[in-house]
1. Could you check, for region 41-56, whether at least one of its residues is buried (at least 18 other Cβ atoms within 10 Å of the Cβ) and part of a helix (DSSP H, G or I)?
2. Can you tell me which residue in region 240-250 is most open to solvent (accessible area, probe 1.4 Å), limited to those that are in contact (Cβ under 8 Å) with a residue 40 or more places away in the chain and under 18 Å from Ser184 (Cα atoms)?
3. Which of the numbered conditions does Gly313 fail, given that it passes all the others? Conditions: (1) closer than 23 Å to Leu116 by Cα; (2) part of a helix (DSSP H, G or I); (3) small (Gly, Ala, Ser).
4. Report yes if Leu237 is open to solvent by 20 Å² or more (accessible area, probe 1.4 Å), part of a helix (DSSP H, G or I) and modelled with pLDDT of 95 or more, otherwise no.
5. Based on this model, can you work out whether Asp271 counts as part of a loop (DSSP other than H, G, I, E, B), among the acidic types (Asp, Glu) and touching a Ser or Thr at 6+ places or on another chain (Cβ under 9 Å)?
6. Read through the list (1) open to solvent by less than 20 Å² (accessible area, probe 1.4 Å); (2) among the small types (Gly, Ala, Ser); (3) over 19 Å from Gly300 (Cβ atoms), then give the number of the only condition that Ala253 fails.
7. Quickly run through region 187-209 and pick out the residues that are open to solvent by 50 Å² or more (accessible area, probe 1.4 Å) and small (Gly, Ala, Ser).
8. So Asp199 ticks every box in (1) in contact with a Leu (Cβ under 7 Å, 6 or more places away or on another chain); (2) farther than 22 Å from Ala61 by Cα but one. Which box is left unticked?
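The values are calculated or read from the model by the stated rules, or taken from the named source; none is laboratory data. Just so you know, these numbers come straight off a predicted model, no measurement behind them. Backbone-built Cβ (ideal geometry, glycine too); neighbour counts: all protein chains shown. SASA here: full protein model, heavy atoms, side chains in, ligands and nucleic acids out. Shrake-Rupley method; radii C 1.70, N 1.55, O 1.52, S 1.80 Å.
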Amino acid sequence: MNPPGTDGTDADWTGVGEKTGGALLVVGDVVTDVVARHRGPLAPGTDTASAIRTLPGGAGANVACWAAHQGCADVRLLGRVGTDAAGWHERELRASGVRPHLVVDPEAATGTVICLVDTGAAAERTFLTDSGASLRLDPDDWSSGLLDGVVRLHLSGYLFFSEPSRALVSVALASARARGVPVSVDPASAGFLTELGVDRFLALVEGVDVLLPSRDEACLLTGLPDPADAAAKLSRLFPLVVAKQGAEGALIAQGGGVRARVPAAPAVPRDTTGAGDAFTGAFLAALLAGAEPEDAAAQGCRAGALAVGKVGGRPPVD
């Protein structure tokens, strides 16, 4: 049976099976971010003055924290960390309102990402990534009991970039299907997608009901240069596609066409790290609260604007 809207007719969002009042389970990466903010190009072979901070991060963890920040009362996170930083990450997640289920890896260190942020007008960033323990999640870390009380499962795209975590994805998707729990995926990285292969990724996410790619990821997944065309094409494969467009907002696509264009919220960028995660977390929180996709995307855009105005990928903690 085709998912809603894939036959070219208008999709009925209620057919996707969203429920309100339950928990959101995020499965994904928990890493330590080292954010270095510099102005202008890096100076090879010598010093480049920077403001450097060590912060909790990881796309999966960031999404969970933003969902909690946006009012989702029960957000849970399954991730894997090393013994070096397990306690710190658990405290940071709890402080953000997230219930962590962290597997402590006895061999690998916690993943670390060095975020090089140009403090120019666009606040563009470059990542140096050592995924460490985060991509060592495997099927043994999964239990069907993790879905008790859960009404949506969200999978970070970084899970698709190692063999153990891909195996976990397969088990988690099967558990979610057996329980009728809808699943969303954020592809996470155009660079890693290229290495994995588009066809392989699309096969792995078959049956997912919400795909949340960036502009670059949507174009890569379809081979189309125009982001609206790319979102429309992806919506023939997934019931709902929400394509994040950065400073140009977001596109909502269903049934083979773009249903809405949601404008971005005003922002003065300081650090764009985690802006897409903020959008995803806020979008999912709004969806779980019963919002229509356009309204949920507007909340996502507001969260993204808040995220780029601060340093690091997490929401402010009261």
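1. Checking region 41-56: not a single residue is buried (at least 18 other Cβ atoms within 10 Å of the Cβ) and part of a helix (DSSP H, G or I).
2. Only one residue fits best here, namely Lys244.
3. (2)
4. no
5. Taking the combined requirement at face value, the residue satisfies it.
6. Looking at each condition in turn, Ala253 falls short on (3).
7. Ala203, Gly207
8. (1)
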